[in-house]
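A.B. asks: Okay, here's the structure, questions in a sec.
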Amino acid sequence: MSEHKTLCMGCMEPIDEVGVCPFCGYDDGAQNPPSYLPTKTVLDGKYIVGKLISANGESALYMGFDRAGEEKVFIREYMPDALCMRDRNSPEITVNPGAVVQYKNYMSEFIELNKAVMRLRTMQHIVAPTDMFSQNNTAYVIMPYAGSETLKQYLADNAGELTWEQVKKLFPPLLTTLACIHNAGILHRGISLENILVTDRGELLLTGFSISAIRTVNTDLAPELYTGYSAPEQYASSEWIGTWTDVYAVAAVMYRLLTGCMPTEPMARVGNDDLLEPAKINQNVPANVSKVIMQAMRLNCNQRIQTVTDFVTKLFEQPSYMQKLPNGATQTIPINVPRRRTSQQKNAKKNKTSVIANIFMIIGASVLIGIVIAAFALLARMLIPGQPDSPVTSGTGSSANSFVQTTPTSENPPATLPPQSQTLPSSSETAASKPQGSMFVMPKLVGQRYDSVAESSTWKERLEFEVTYDYSDDYESGIIYEQDIEEGTTLYPVQKVKLSVSKGLKIVEIPDFMNELGFRMTKEEYIAILDGLNIKYECRNVETPTEQSGLVMGVYCRETGGEVGGEINVAEGNTLYVDISVFNPTGLAG
């Protein structure tokens, strides 16, 4: 392995010496979790395995290096962890008893899916496999390294949302590719901000293809669904999944990009579909685009836009001339018939134009004379002794410039102004007194993460937030659970809105300290979970002759009497006592 030590296992860049990588900060001494391949493992005689990047219930993704091509790659390993495990001392995968049939069936689907995607590798807007092979009782897929950021990262770098001009430039090539993928009989089922990459050239790449069992509920594998983007039929195993499923996801991605708001999870919309149109959140979204996105996100898949081709057609078609007219408006559309004009007709037109011009000149002069006379009359009235110093009149005068004089109270005496200041307000003063900016509709912020709302440039320009934090019975930490302005209220910017944000659940379940493999968690692992739940804790040392030091041996809440699975009241500051092992082979205190 000495020849591999010049490669950083985190980024596969050549480094001068073993240690912390100057490029990515990866420590050469770090190791992948025991269930996955160790770093520096060589596959098929030429692919070096690096750090574990991610894993779901279907497979694991590693950083890799192709020694033959001397280039970085991604290595995907079929690894359904619910059905198999790996011995710490061997790269071989061992299938759980009774799960052999499911393991092999899913592996066959994994291989066939990646073969189908590999046949599309000439397309520029997907990350397709370049090699496949079997080893270690499983299957491996090699994919080209895409040094690109995810659309989620790209969005964060662009203030949390994009304009329609940006979106309509980015998406057409990707949508065309997705239509071709569907024509090849392949469904993605996982389109989201995490599975779309943005290259340095500003092009989108689709990645993250997985078998159907990982993208639906109620299978042998733990589902990987994307909140806000996965279609409602993916949450019900009895529903049909088709091209309309990917249409929903693409539309949801556009919704997020254009509004800066995460789409409501589909199951939360059932029975009370309160999802606002994009144009009601961001008035810069074209009306036809807003409506098409909503059509593509309908809960009933039969009422939804069915194909990507139809979605693209509707999304980019221009509204007709009549559709642009306001409701109730009538418009006469002249029909122009080209014809020759005789010299007499031309002279007649000139004479007619001259007459019309003279008429307008006479009217304009009359209006100007009237304004001058009125100005002199007003000035004379102000200068003649015995007349009021201001044009304020009592009674109910019908003049458009008259003011209603109110009787001041002793509590609020009128300010004494010099006569020259008591004049009619100018048009600029009147305009300045009106609310500035375009009206907008107050969105439903309850149920959304406060961080996402506060970072959205859409609401920074329209809303000012006053936030209070408290524990909640129903909402997790960081979720908005109350707003003082009702959803749907029409407002002018900048409007102050009071928000109540959850500090976390008041009462939580005491978490288990045994991990998924049946081993005790370390003190650090368990405390990280307690911190995430806002649980107050105290650690107590317990000597044991059989367990190594630093493992969690037991937990207990004195106030509630709760142990693992019991309840603890976080809001009241209940303390969880955590017993930590101290290895003592004699089993004696001291």
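The values are calculated or read from the model by the stated rules, or taken from the named source; none is laboratory data. Fair warning: this is a prediction, and the values are worked out from it, not measured in the lab. Here Cβ is always computed from backbone atoms with ideal geometry, including for glycine, and neighbour counts include all displayed protein chains.
A.B. asks: For region 198-255, name all the residues that are among the small types (Gly, Ala, Ser) and within 17 Å of the chain's Cα centre (by Cα).
C.D. replies: Gly228, Ser230, Ala231, Ala249, Ala251, Ala252 - these are the residues of region 198-255 that are among the small types (Gly, Ala, Ser) and within 17 Å of the chain's Cα centre (by Cα).
A.B. asks: Considering only region 521-536, how many residues are surrounded by 17 or more Cβ atoms within 10 Å (Cβ to Cβ) and part of a strand (DSSP E or B)?
C.D. replies: 1
A.B. asks: Out of Met63, Met85, Met79, report the one residue that is within 14 Å of Pro34 (Cβ to Cβ) and at pLDDT 95 or above.
C.D. replies: Exactly one residue qualifies, and that residue is Met79.
A.B. asks: With the structure loaded, tell me whether Asp246 is acidic (Asp, Glu), touching a residue at least 24 places away in the same chain (Cβ under 8 Å) and surrounded by fewer than 17 Cβ atoms within 10 Å (Cβ to Cβ) or whether it fails that test.
C.D. replies: Taking the combined requirement at face value, the residue does not satisfy it.
A.B. asks: When Val285 is evaluated against the numbered criteria (1) assigned to a loop (DSSP other than H, G, I, E, B); (2) modelled with pLDDT of 95 or more; (3) within 14 Å of the chain's Cα centre (by Cα); (4) of a type outside the set (Gly, Ala, Ser), which criterion, by number, is the only one it fails?
C.D. replies: (3)
A.B. asks: Residue by residue through region 539-590, note down the ones that are among the charged types (D, E, K, R) and under 24 Å from Gly504 (Cα atoms).
C.D. replies: Arg558, Glu559, Glu563, Glu567, Glu572, listed by residue number.
A.B. asks: Can you pull out every residue in region 149-161 that is over 15 Å from Glu194 (Cα atoms) and within 11 Å of the chain's Cα centre (by Cα)?
C.D. replies: Glu161
A.B. asks: When you check Val308 against the structure, is it in contact with a Phe, Trp or Tyr (Cβ under 8 Å, 6 or more places away or on another chain), at negative phi and surrounded by 19 or more Cβ atoms within 10 Å (Cβ to Cβ), yes or no?
C.D. replies: Taking the combined requirement at face value, the residue does not satisfy it.
A.B. asks: Determine whether Pro91 is within 20 Å of Arg189 (Cβ to Cβ) and surrounded by 15 or more Cβ atoms within 10 Å (Cβ to Cβ).
C.D. replies: So Pro91 fails the test.
So that you can scan it fast, the table gives a plain yes or no per residue for (1) exposed (fewer than 14 other Cβ atoms within 10 Å of the Cβ); (2) in a loop (DSSP other than H, G, I, E, B); (3) not assigned by TED's automatic domain parsing to the domain that holds Asp474:
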{"site": "Asn541", "(1), (2), (3)": "yes, no, yes"}
{"site": "Thr546", "(1), (2), (3)": "yes, yes, yes"}
{"site": "Val552", "(1), (2), (3)": "no, no, yes"}
{"site": "Val555", "(1), (2), (3)": "no, no, yes"}
{"site": "Glu559", "(1), (2), (3)": "yes, yes, yes"}
{"site": "Gly562", "(1), (2), (3)": "no, yes, yes"}
{"site": "Gly565", "(1), (2), (3)": "yes, yes, yes"}
{"site": "Ile568", "(1), (2), (3)": "no, no, yes"}
{"site": "Asp579", "(1), (2), (3)": "no, no, yes"}
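A.B. asks: Give region 110-127 a look and list any residue that's crowded, with 16+ Cβ neighbours inside 10 Å and under 15 Å from Glu77 (Cα atoms), or say none.
C.D. replies: Phe110, Ile111, Leu113, Asn114
A.B. asks: Just checking, which of Met132, Met107 is closer than 19 Å to Ile48 by Cβ and either of a type outside the set (Ser, Thr, Tyr) or assigned by TED's automatic domain parsing to the domain that holds Leu206 (or both)?
C.D. replies: Answer to the check: Met132.
A.B. asks: Suppose we filter region 490-519 for residues that are among the polar types (S, T, N, Q) and surrounded by 13 or more Cβ atoms within 10 Å (Cβ to Cβ); how many remain?
C.D. replies: Residues that pass the stated criteria total 3.
A.B. asks: Does region 157-171 contain any residue that is touching a strand residue (DSSP E or B) at 6+ places or on another chain (Cβ under 9 Å), of a type outside the set (A, V, I, L, M, F, W, C), in a helix (DSSP H, G or I) and more than 21 Å from Gly242 (Cα to Cα)?
C.D. replies: yes
A.B. asks: Could you tell me which of the residues Leu178, Leu162 is closer than 29 Å to Glu461 by Cβ and surrounded by 18 or more Cβ atoms within 10 Å (Cβ to Cβ)?
C.D. replies: Going through Leu178, Leu162 in turn, the sole match is Leu162.
A.B. asks: For Glu461, work out the one condition from (1) at pLDDT 75 or above; (2) of a type in the set (D, E, K, R); (3) within 12 Å of Asn282 (Cα to Cα) it doesn't fulfil.
C.D. replies: (1)
A.B. asks: Among the residues in region 129-139, are any among the aromatic types (Phe, Trp, Tyr), touching a residue at least 60 places away in the same chain (Cβ under 8 Å) and farther than 14 Å from Leu43 by Cα?
C.D. replies: Checked region 129-139: no residue is among the aromatic types (Phe, Trp, Tyr), touching a residue at least 60 places away in the same chain (Cβ under 8 Å) and farther than 14 Å from Leu43 by Cα.
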